[in-house]
Amino acid sequence: MKNMTTFITATGVIGLILTASLVMGDDDKYERNERDEGFLSQLFSKKTDVAPVKNAVYKEECGSCHFAYQPGLLPARSWKKMMGDLENHFDENAELDKDTQIALTKYLVENAADDANYKRSRRIMNSLSKNDTPLRITETPYFIRKHDEIPKRMVQDNPKLGSFSKCAACHVNAEKGSYEEDDVRIPGIGKWDD
Amino acid sequence: MKKKIVVPLILLLSSHTIMADAINDMFTQYQQQGVSNASEQTGKTLWNKKFTDKKTGKDRSCTSCHGVDLTKVGKHVRTGKKINPMAPSVNKKSLTDVKNIKKWFKRNCKWTLGRECSAQEQADILTYLKNQ
């Protein structure tokens, strides 16, 4: 029992020191990811394509009708625009009370693709010009380029799928922010080999 | 040995009261808006009623996403995401949060009927839902 307590305390102290040194580091981007990521996933972030969602309110509110898309999949300007008109959200009513709307806009903007330290976020940003404000991830040039070899019969005409918007239906590790090609299983079709 | 039996019972009891609490709160609010009684049958009819959407010309109803049998898992008609069963008899978390109930009544009535539901309509529907 005593050993356990010592262990927990020690781990806690080490954790605190490590966290503190990361937060105090002068690399602004590090700090940004750290806030949403935690120390461990930060260490292994090379494997992760976009920062996974850790915000419980976001998961609940923006994950009730569909997969909770990671903030790092669109630029801040897109999220701001979307959050300003939730009453007309892709012909759906996704209204939130004022406080939640403000809190989630802040979360989305702070973790948006613009200067996220993750490879897919950077590639999505690079594929857009300054004035592009896409409201769909599926309409960004990077997304289109990555998916243009998949035939219609596997997606739009696939009765088990229907659209590209259901990331997690094909990318089995999408919840974790991982979109590796090897982890794709298309519903009713199976593994993807190109 | 005793513990094993007592714990789930307590859980059951408390979740039951939470549901009843949220629904009682809702009914108190409806009363304040002039609703004096609610009908399960009217609620059921409204739940299953089809409304034609002006823009798409397609039929919409509460069952489009939640289904007819409320003890079963529903499916969002546009995104395909599964929706936990509405029936409190199989889903202990259902109808336990006033804020959540209000939020979805507003959204789903606007989407399905093209307008918000009146306090009377909400009271009828809720009476039907809570008994499932």
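The values are calculated or read from the model by the stated rules, or taken from the named source; none is laboratory data. All values derive from a computational prediction rather than experimental measurement. For neighbour counting, all protein chains shown are included, and Cβ atoms are generated from backbone atoms with ideal geometry for every residue, glycine included. Surface accessibility is based on the protein's heavy atoms, side chains included, excluding ligands, DNA and RNA. Shrake-Rupley method; radii C 1.70, N 1.55, O 1.52, S 1.80 Å.
Values computed for the structure shown
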{"quantity": "Hits in segment A:64-84 (condition: away from every other protein chain (no Cβ under 14 Å) and part of a loop (DSSP other than H, G, I, E, B))", "calculated": "A:70, A:74, A:75, A:84"}
{"quantity": "Residues being in contact (Cβ under 8 Å) with a residue 60 or more places away in the chain and open to solvent by less than 20 Å² (accessible area, probe 1.4 Å) - total across segment A:69-95", "calculated": "4"}
{"quantity": "Cβ-Cβ under 8 Å pairs, at least 6 apart or on other chains, segment B:89-104 side crowded, with 18+ Cβ neighbours inside 10 Å, far side polar (S, T, N, Q) and modelled with pLDDT under 95", "calculated": "B:96/B:15"}
{"quantity": "Segment A:146-185: number of residues that are away from chain B (no Cβ under 14 Å) and not small (Gly, Ala, Ser)", "calculated": "21"}
{"quantity": "Residue A:98 vs. criteria away from every other protein chain (no Cβ under 13 Å), open to solvent by 40 Å² or more (accessible area, probe 1.4 Å) and of a type outside the set (A, V, I, L, M, F, W, C)", "calculated": "no"}
{"quantity": "Residue within segment B:26-40 that is aromatic (Phe, Trp, Tyr), open to solvent by 40 Å² or more (accessible area, probe 1.4 Å) and within 14 Å of chain A (Cβ to nearest Cβ) present", "calculated": "no"}
{"quantity": "Extreme residue, modelled with the lowest pLDDT, among residues of segment B:48-88 that are small (Gly, Ala, Ser) and surrounded by 14 or more Cβ atoms within 10 Å (Cβ to Cβ)", "calculated": "B:80"}
{"quantity": "Looking only at segment A:46-62, and only at residues there that are buried (at least 16 other Cβ atoms within 10 Å of the Cβ) and not aliphatic (A, V, I, L, M), the one that is farthest from the other protein chains (Cβ to nearest Cβ)", "calculated": "A:48"}
{"quantity": "Filter pass, residue A:121 being more than 14 Å from every other protein chain (Cβ to nearest Cβ), in contact with a Ser or Thr (Cβ under 7 Å, 6 or more places away or on another chain) and surrounded by 16 or more Cβ atoms within 10 Å (Cβ to Cβ)", "calculated": "no"}
